[in-house]
Amino acid sequence: QYLERYPETVNQLLNAKRHHRLAHAFLIESDAAQTREDFTVVLSQIAGCPESGDGAPCTVCRVCRQLEERKYPETYTLSPVGKQYEIRIGDRRNPEPNTMRSFEGQFYLSSTGEANAKFGIIFDADRMNEESQNAFLKTLEEPPKATYFMLTTGKPSSLLPTTRSRCQSIRLPDNFHRFTFAGQTELFAALNAA
């Protein structure tokens, strides 16, 4: 589905995986929250599938199935919470759940998953307050081995430039429509010639 909708983007990611050049942090941008959320599964499968010979995930192995069902044991998520709907930094010594420090702490333990990789997904990353973003910069600069971070947002300009610069940007536009009808090839050829 995503290969059909975003062929250039998906093929670039597959090529990066094939050549062992997949980034460790991604900024997934789309106006549609469901598109952003669903693409984290696709990207996790590309990065984590142990059966991918040509870079493409097999989609049927245990890891791919767990990722698709959102049950892979080493996928950690962080979302905005509270009345202000934000992602806070949390206490340094005793980080409470749903805070940046609690989230970051998950990645410094050894991986035990079949993919030998960990996935960190921050939904609505533009809701991280400035303190959280600054605390996360060190982890983005020097991530733990075999860790992939995915920050999703509909408002990338709300993130600090330093945060954006440490992530590979993936833009998934949803403001297009595909037409399929008899004579479409001829019509579009005529319109392009005009």
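Residue-by-condition table, conditions (1) farther than 14 Å from residue 123 by Cα; (2) under 12 Å from the mean Cα position of the chain (by Cα):
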{"site": "35", "(1), (2)": "no, yes"}
{"site": "56", "(1), (2)": "yes, no"}
{"site": "65", "(1), (2)": "yes, no"}
{"site": "74", "(1), (2)": "yes, no"}
{"site": "99", "(1), (2)": "no, no"}
### Query
Which is over 23 Å from residue 143 (Cα atoms), open to solvent by 60 Å² or more (accessible area, probe 1.4 Å) and touching a residue at least 24 places away in the same chain (Cβ under 8 Å), of 68, 4, 37, 8?
68
## Note on the structure
Residues in the range 71-86 that are over 15 Å from residue 43 (Cα atoms) and in contact (Cβ under 8 Å) with a residue 40 or more places away in the chain total 6
### Query
Could we say that residue 57 is in contact with a helix residue (DSSP H, G or I) (Cβ under 6 Å, 6 or more places away or on another chain), without any contact (Cβ under 8 Å) to a residue 60 or more places away in the chain, more than 26 Å from residue 135 (Cα to Cα) and part of a loop (DSSP other than H, G, I, E, B) here?
yes
### Query
Among 57, 50, which is the only one that is open to solvent by 70 Å² or more (accessible area, probe 1.4 Å) and not aromatic (Phe, Trp, Tyr)?
50
### Query
How many of the residues in the range 63-95 are closer than 20 Å to residue 135 by Cα and β-branched (Val, Ile, Thr)?
4
### Query
Is it true that residue 25 is touching a strand residue (DSSP E or B) at 6+ places or on another chain (Cβ under 8 Å), aliphatic (A, V, I, L, M) and buried (at least 17 other Cβ atoms within 10 Å of the Cβ)?
yes
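The values are calculated or read from the model by the stated rules, or taken from the named source; none is laboratory data. Quantities reported herein were computed from a predicted structural model and do not represent experimental measurements. As a convention, Cβ positions derive from the backbone with ideal geometry for all residues, glycine included, and neighbour counts pool all protein chains shown. With ligands, DNA and RNA removed, areas are computed over all heavy atoms of the protein, side chains included. Shrake-Rupley method; radii C 1.70, N 1.55, O 1.52, S 1.80 Å.
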